[in-house]
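J.: Mind having a look at this structure? Questions to follow.
The values are calculated or read from the model by the stated rules, or taken from the named source; none is laboratory data. Owing to the predicted nature of the structure, the values given are computational and were not obtained by experimental measurement. Here the Cβ is made from the backbone with ideal geometry for all residues, glycine too, and neighbour counts use every protein chain on show. Accessible surface areas use protein heavy atoms only, side chains included; no ligands, DNA or RNA. Shrake-Rupley method; radii C 1.70, N 1.55, O 1.52, S 1.80 Å.
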Amino acid sequence: MDERWDVVVVGSVNADLVVGVDRRPAPGETVLGSDLAVHPGGKGANQAVAAARLGGRAALVGRVGDDGHGALLREALAADGVGLDHLATTPGVPTGVALITVGPDGDNSIIVSPGANARLGPDDVAAARGLIAAASVVSFQLEVPPPAVAAAARVAAGAGGRVVLNLSPPAPVPAELLARCDPLVVNEHEAAFLLGGERGDPRDTAAALARSGPRSAVVTLGADGAVVAGGDRVTAIPAPRADAVDTTGAGDAFTAALCLRLARGDTLEDAARYAVRAGAAAVRRRGAQSSFPTPTELPAP
């Protein structure tokens with residue numbers, strides 16, 4: 001029998017190429033930035049590392065290229081204790097890369113080149129079936145192809161695992177997948193995309209999302225915390241105050257902490273209260289994985 005895992009993440013693995021700028025360039029304009037920094041990243045890898053750093057048993061299903069970035073990422077994941085038996089290498093294909101600019105206020109803009117992530121498919125899911133079925137919570141994002149996400153969600157749900165989908169980057173979600181989400185996790189931009197409208201009151205947005213198909217929904221609000229909706233309840237969860245240095249990876253820290261606490265048996269509301277603390281801790285340092293907290297580094301509730 002496969003050993004149990006708190007969180008298994010099916011998702012992307014990227015090298016984050018980060019440049020700080022005083023302001024972002026207008027179209028056709030050139031601005032000078034800081035020295036280039038290279039960090040391990042990718043939403044899938046980030047969430048696996050964040051869950052492991054908080055004390056969870058976490059594993060990753062994904063793909064990297066046979067290049068220097070792939071070796072760097074594999075080494076970083078192993079150092080944090082992430083299970084890598086199903087992190088495959090794609091020969092002749094570059095590892096995924098995220099091009100990130102960080103402004104003086106800590107906010108970021110990101111362009112992702114998927115590379116090997118785009119080769120993750122149902123065959124990888126079939127190979128990892130035992131691992132996925134042994135997870136209390138299986139987490140997904142949309143930086144890998146939809147067929148892999150759909151196939152893994154079917155395996156997780158069939159084995160009684162809890163499916164958490166972080167709709168990033170935003171894309172249409174098949175009704176079958178949406179119905180398995182418990183919760184669907186989105187920021188305000190992603191929520192507006194899914195609902196086909198403008199950003200509105202977060203409580204109304206969360207309630208509308210919960211009515212749109214998932215079993216529950218969470219809308220993240222950055223420094224303002226999150227809103228949780230499920231059944232007839234809509235609850236605002238405030239975040240601790242944090243002086244933001246770099247918001248890269250904060251959403252992944254939130255989702256990973258949420259998944260871990262759900263795996264440990266928390267209610268969705270209590271899990272979100274823990275997750276906003278992880279997100280607040282992550283903005284206090286630069287980088288994504290380098291910013292993720294241990295339990296002792298979380299701010300007070």
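J.: Filter segment 258-273 down to residues that are surrounded by fewer than 22 Cβ atoms within 10 Å (Cβ to Cβ) and either free of Cβ contacts under 8 Å to residues at least 24 places away in the same chain or under 20 Å from residue 76 (Cβ atoms) (or both), then give me how many there are.
T.: Result for segment 258-273: 4.
J.: Now for a separate question. Out of all the residues in segment 27-56, which are open to solvent by less than 50 Å² (accessible area, probe 1.4 Å) and farther than 24 Å from residue 295 by Cα?
T.: Residues satisfying the conditions are 31, 33, 37.
J.: Moving on to the next point. Is it true that some residue in segment 1-19 is in a loop (DSSP other than H, G, I, E, B), β-branched (Val, Ile, Thr) and in contact (Cβ under 8 Å) with a residue 60 or more places away in the chain?
T.: Yes; the residues of segment 1-19 include at least one that is in a loop (DSSP other than H, G, I, E, B), β-branched (Val, Ile, Thr) and in contact (Cβ under 8 Å) with a residue 60 or more places away in the chain.
J.: Taking the criterion of being among the small types (Gly, Ala, Ser), under 18 Å from residue 107 (Cα atoms), surrounded by 21 or more Cβ atoms within 10 Å (Cβ to Cβ) and out of contact with any Cys (no Cβ under 6 Å at 6 or more places or on another chain), would at least one residue in segment 234-248 satisfy it? Working first, answer last.
T.: The first filter runs over segment 234-248 and keeps only residues among the small types (Gly, Ala, Ser), leaving 236, 239, 242, 244.
Filter once more, so that each one left must be under 18 Å from residue 107 (Cα atoms): 239, 242, 244.
Within this subset, residues satisfying the condition of being surrounded by 21 or more Cβ atoms within 10 Å (Cβ to Cβ) are 239.
With out of contact with any Cys (no Cβ under 6 Å at 6 or more places or on another chain) added as a condition, the list becomes 239.
Within segment 234-248, one or more residues are among the small types (Gly, Ala, Ser), under 18 Å from residue 107 (Cα atoms), surrounded by 21 or more Cβ atoms within 10 Å (Cβ to Cβ) and out of contact with any Cys (no Cβ under 6 Å at 6 or more places or on another chain).
J.: Under 7 Å by Cβ, and 6 or more places apart or on different chains, what pairs join a residue from segment 276-301 that is open to solvent by less than 60 Å² (accessible area, probe 1.4 Å) with one that is of a type in the set (Val, Ile, Thr) and assigned to a helix (DSSP H, G or I)?
T.: 289/49; 292/49
J.: Turning to a different aspect of this structure: When you go through 134, 126, 118, 88 one by one, which is the residue that is within 19 Å of the chain's Cα centre (by Cα) and among the small types (Gly, Ala, Ser)?
T.: Among 134, 126, 118, 88, only 118 is within 19 Å of the chain's Cα centre (by Cα) and among the small types (Gly, Ala, Ser).
J.: Picking from 139, 113, which residue would you name as being within 16 Å of the chain's Cα centre (by Cα) and either open to solvent by 60 Å² or more (accessible area, probe 1.4 Å) or touching a residue at least 12 places away in the same chain (Cβ under 8 Å) (or both)?
T.: Exactly one residue qualifies, and that residue is 139.
J.: Hey, among the residues in segment 192-209 that are farther than 10 Å from residue 227 by Cβ and of a type in the set (A, V, I, L, M), which one's farthest from the chain's Cα centre (by Cα)?
T.: If we take residues in segment 192-209 being farther than 10 Å from residue 227 by Cβ and of a type in the set (A, V, I, L, M), then 208 is farthest from the chain's Cα centre (by Cα).
J.: Give me the helices (runs of 4 or more DSSP H) completely within segment 129-232, filtered to those with at least 3 residues that are within 20 Å of residue 259 (Cα to Cα), ordered by residue number.
T.: Where helices (runs of 4 or more DSSP H) fall fully within segment 129-232 and carry at least 3 residues being within 20 Å of residue 259 (Cα to Cα), they are 129-133, 146-158, 188-195, 202-211.
J.: Output the residue which, of all residues in segment 164-187 that are over 15 Å from the mean Cα position of the chain (by Cα) and open to solvent by 40 Å² or more (accessible area, probe 1.4 Å), is farthest from residue 231 (Cα to Cα).
T.: Of everything passing the filter in segment 164-187, 172 is farthest from residue 231 (Cα to Cα).
J.: Does residue 206 satisfy the criteria of being of a type in the set (Gly, Ala, Ser), out of contact with any strand residue (DSSP E or B) (no Cβ under 6 Å at 6 or more places or on another chain) and either under 22 Å from residue 16 (Cβ atoms) or surrounded by 20 or more Cβ atoms within 10 Å (Cβ to Cβ) (or both)?
T.: Criteria not met by residue 206.
J.: On the given criteria, is residue 106 assigned to a helix (DSSP H, G or I) and in contact (Cβ under 8 Å) with a residue 40 or more places away in the chain?
T.: Here the answer is no, as residue 106 does not meet what is asked.
J.: For segment 206-229, enumerate the residues that are modelled with pLDDT under 95 and among the hydroxyl-bearing types (Ser, Thr, Tyr).
T.: Matches in segment 206-229: 212 only.
Residue-by-condition table, conditions (1) over 15 Å from residue 61 (Cα atoms); (2) at pLDDT below 95; (3) out of contact with any Pro (no Cβ under 6 Å at 6 or more places or on another chain):
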{"residue": "111", "(1), (2), (3)": "yes, yes, yes"}
{"residue": "116", "(1), (2), (3)": "no, no, yes"}
{"residue": "123", "(1), (2), (3)": "no, no, yes"}
{"residue": "130", "(1), (2), (3)": "no, no, yes"}
{"residue": "133", "(1), (2), (3)": "no, no, yes"}
{"residue": "137", "(1), (2), (3)": "no, no, yes"}
{"residue": "144", "(1), (2), (3)": "no, no, yes"}
{"residue": "150", "(1), (2), (3)": "no, no, yes"}
{"residue": "158", "(1), (2), (3)": "yes, no, yes"}
